[in-house]
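A quick write-up on the structure given underneath.
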Amino acid sequence: MNRSILAFLAALTAATPAFAHLDPIAHGSLAAGLSHPLTGLDHLLAMITVGLWSSVIGGRALWAMPLAFVGCMAVGFALALNGVALPFVEPGILASVIVLGLLTAFAAKMPTALGAALVGVFALFHGHAHGGEVGDAATLSFGIGFAISTAALHLAGIAFGLKQKHLIVTRLSGAAAAAAGVALAVAG
C-alpha cells in the first residue's frame, strides 16, 4: 500500500478531540463555516464517504449524490435556524457515518435517485446540527462556508475513490469509516 492510502485510512480512523470549532467573532463567519465540517470526525467521515460511495456507483451519482447532500443539508440548516425541531439529530449523524461506510464497504449499487434520496435524508441531520451550532456567526456566510467545505470533502472522497486501481481500497476505506462511526456511537 502506498503512503497516500495509508495516510487516508489513518485520517478516517483518527480521533480529533483537540479540534474545536472556530469562534465566528474572532475568525469571521465564513472561516468558521469553512472549518466547521473539518473539526468533527462524524461530519468529516460522512462527507468523505458520500464521495467514496458516489465513486463506487459512478455515472450521474458522481454529481447527483453530493448535490443532494449539500442541498438537503441547507434545508436542515434552515430548519434549525427557524426553530423547527428535528428528532434524533445526533443518532442520525452517527447512522450516516455507519450506513454510508457500509454501503461503500459492500460496494452497494443502487439507482442514483435512491442513493441521492438516502444521502439527502442523512444531510438533513448534518445541516440541522450545523444550524444549531451557528452561535454568533452571520448565518449566510457561515452556511456558505460549510457548504463549500462539505462539497470539497465530497470531491476528495470521489477523487480518492476514482484514483484507486482496485475497488478493494475504496471498500476498505468505507469499512474503516463505518468502524469509526460505531466507535463514535459507543463512545458517545
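Given the condition surrounded by fewer than 22 Cβ atoms within 10 Å (Cβ to Cβ) and without any contact (Cβ under 8 Å) to a residue 12 or more places away in the chain, answer yes or no: does some residue in the range 119-138 qualify?
Within the range 119-138 (the criterion being surrounded by fewer than 22 Cβ atoms within 10 Å (Cβ to Cβ) and without any contact (Cβ under 8 Å) to a residue 12 or more places away in the chain), the answer is no, since none of the residues qualifies.
I'm trying to understand the selection: among the residues of the range 73-88, which are touching a residue at least 24 places away in the same chain (Cβ under 8 Å) and assigned to a loop (DSSP other than H, G, I, E, B)?
Leu86, Phe88
Residue check: is Thr150 under 30 Å from Leu81 (Cα atoms), touching a helix residue (DSSP H, G or I) at 6+ places or on another chain (Cβ under 7 Å), crowded, with 20+ Cβ neighbours inside 10 Å and among the hydroxyl-bearing types (Ser, Thr, Tyr)? Walk me through it before giving the result.
Numbers: under 30 Å from Leu81 (Cα atoms): yes; touching a helix residue (DSSP H, G or I) at 6+ places or on another chain (Cβ under 7 Å): yes; crowded, with 20+ Cβ neighbours inside 10 Å: yes; among the hydroxyl-bearing types (Ser, Thr, Tyr): yes.
So Thr150 passes the test.
Taking the condition modelled with pLDDT of 95 or more, within 18 Å of Ser173 (Cβ to Cβ), exposed (fewer than 15 other Cβ atoms within 10 Å of the Cβ) and out of contact with any Ser or Thr (no Cβ under 7 Å at 6 or more places or on another chain), does Gly51 pass?
For Gly51, the condition - modelled with pLDDT of 95 or more, within 18 Å of Ser173 (Cβ to Cβ), exposed (fewer than 15 other Cβ atoms within 10 Å of the Cβ) and out of contact with any Ser or Thr (no Cβ under 7 Å at 6 or more places or on another chain) - is not met.
List pairs: first in the range 95-115 and more than 20 Å from Gly188 (Cα to Cα), second among the charged types (D, E, K, R) and loosely packed, with under 14 Cβ neighbours inside 10 Å, Cβ under 7 Å, 6+ apart or cross-chain?
Pairs found: none.
Checking the conditions here, which among Leu172, Leu94, Leu118 is more than 14 Å from the chain's Cα centre (by Cα), modelled with pLDDT of 95 or more and either within 16 Å of His43 (Cα to Cα) or not aromatic (Phe, Trp, Tyr) (or both)?
Only one candidate passes the filter, namely Leu172.
From the residues in the range 121-156 that are among the polar types (S, T, N, Q) and over 18 Å from Val50 (Cα atoms), which one is modelled with the lowest pLDDT?
Thr139
Go through Ala20, Ala10 for me and flag whichever is modelled with pLDDT under 95 and assigned to a helix (DSSP H, G or I).
Step by step, each of Ala20, Ala10 is checked, and only Ala10 is modelled with pLDDT under 95 and assigned to a helix (DSSP H, G or I).
Restricting to the range 140-169, and then to whatever is within 17 Å of Leu38 (Cβ to Cβ) and of a type outside the set (A, V, I, L, M, F, W, C), can you tell me which residue is farthest from the chain's Cα centre (by Cα)?
Among residues in the range 140-169 that are within 17 Å of Leu38 (Cβ to Cβ) and of a type outside the set (A, V, I, L, M, F, W, C), the one farthest from the chain's Cα centre (by Cα) is Ser141.
Given the criteria at pLDDT 95 or above, surrounded by fewer than 24 Cβ atoms within 10 Å (Cβ to Cβ), closer than 15 Å to Leu103 by Cβ and hydrophobic (A, V, I, L, M, F, W, C), does Ala159 qualify?
no
The values are calculated or read from the model by the stated rules, or taken from the named source; none is laboratory data. Note that the structure is predicted; figures quoted are calculated from it, not measured. All Cβ positions, glycine included, derive from the backbone under ideal geometry; neighbour counts span all protein chains shown.
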